[in-house]
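Q: Dropping a structure here in structure tokens format, bear with me for questions.
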Amino acid sequence: MKKFAVLFSFILCMHAHAQDKALTLPSGSQLPAFLKNLEGNWVGITGRELWTPVEDEVVLEGISFYNVNFEDYGTNEMPNEHMIILNNGSNWIYVATPLDADQPTTFTCTKQTENEWVFENPEHDFPKRIIYTFLSSDQLQTTIDVGPGSSPKDVKTWKYWRKNL
């Protein structure tokens, strides 16, 4: 029950935070195909990301969880981070707010292909880069690092599989 209360509090705080920050979206915005494909429930060995379209489907909102059991997800998992991907009028941006953060961190999309999107913030301590790569239609890889040429100790990678809720 305590874990449910923490999850509910986290979601409530993120919703309240989002309400405080008025979202101004460019007219005619819509999610590109890559981001539409990111929608859904992605489960890995130790983590999970849940992505949902909001704001008339021009913003993608995500929550990451840790302590996930791949076969029986949803039982002991805890929220870890709130994420939003949106177009600010000139760029696609990724806004991450870890559960223990005082403020969100913004990353700008620097590369987008049919199968991969790269978001970067060279001013951030870690990560400086977030990479989403589709390995197949039902397999996603997320990598965070300190930028091009990162040493292996500065690279973290997670693989997720699409699973219905």
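Q: Could you tell me whether any residue of region 142-158 is closer than 18 Å to P53 by Cβ and either under 15 Å from the mean Cα position of the chain (by Cα) or in a strand (DSSP E or B) (or both)?
A: No, there is no match, as no residue in region 142-158 is closer than 18 Å to P53 by Cβ and either under 15 Å from the mean Cα position of the chain (by Cα) or in a strand (DSSP E or B) (or both).
Q: Right, next: Run down F134, F119 and say which single residue is part of a strand (DSSP E or B), under 24 Å from P53 (Cα atoms) and without any contact (Cβ under 8 Å) to a residue 60 or more places away in the chain.
A: Criteria check complete, one pass: F119.
Q: Looking at E114, is it over 18 Å from G62 (Cβ atoms) and either touching a residue at least 12 places away in the same chain (Cβ under 8 Å) or part of a strand (DSSP E or B) (or both)?
A: yes
Q: Among the residues of region 98-115, write down those that are touching a strand residue (DSSP E or B) at 6+ places or on another chain (Cβ under 6 Å) and exposed (fewer than 12 other Cβ atoms within 10 Å of the Cβ).
A: Once the filter is applied, which keeps residues that are touching a strand residue (DSSP E or B) at 6+ places or on another chain (Cβ under 6 Å) and exposed (fewer than 12 other Cβ atoms within 10 Å of the Cβ), region 98-115 yields only K111.
Q: So, Q103, is that one out of contact with any Phe, Trp or Tyr (no Cβ under 9 Å at 6 or more places or on another chain) and modelled with pLDDT under 90 or not? Working first, answer last.
A: Numbers: out of contact with any Phe, Trp or Tyr (no Cβ under 9 Å at 6 or more places or on another chain): yes; modelled with pLDDT under 90: no.
Taking the combined requirement at face value, the residue does not satisfy it.
Q: If the requirement is being surrounded by 14 or more Cβ atoms within 10 Å (Cβ to Cβ), farther than 17 Å from L38 by Cβ and of a type in the set (A, V, I, L, M, F, W, C), which of these qualifies: V95, V118, V59, V146?
A: V146
The values are calculated or read from the model by the stated rules, or taken from the named source; none is laboratory data. What you see is a predicted model, and the numbers here were worked out from it, not measured in a lab. Here Cβ is always computed from backbone atoms with ideal geometry, including for glycine, and neighbour counts include all displayed protein chains.
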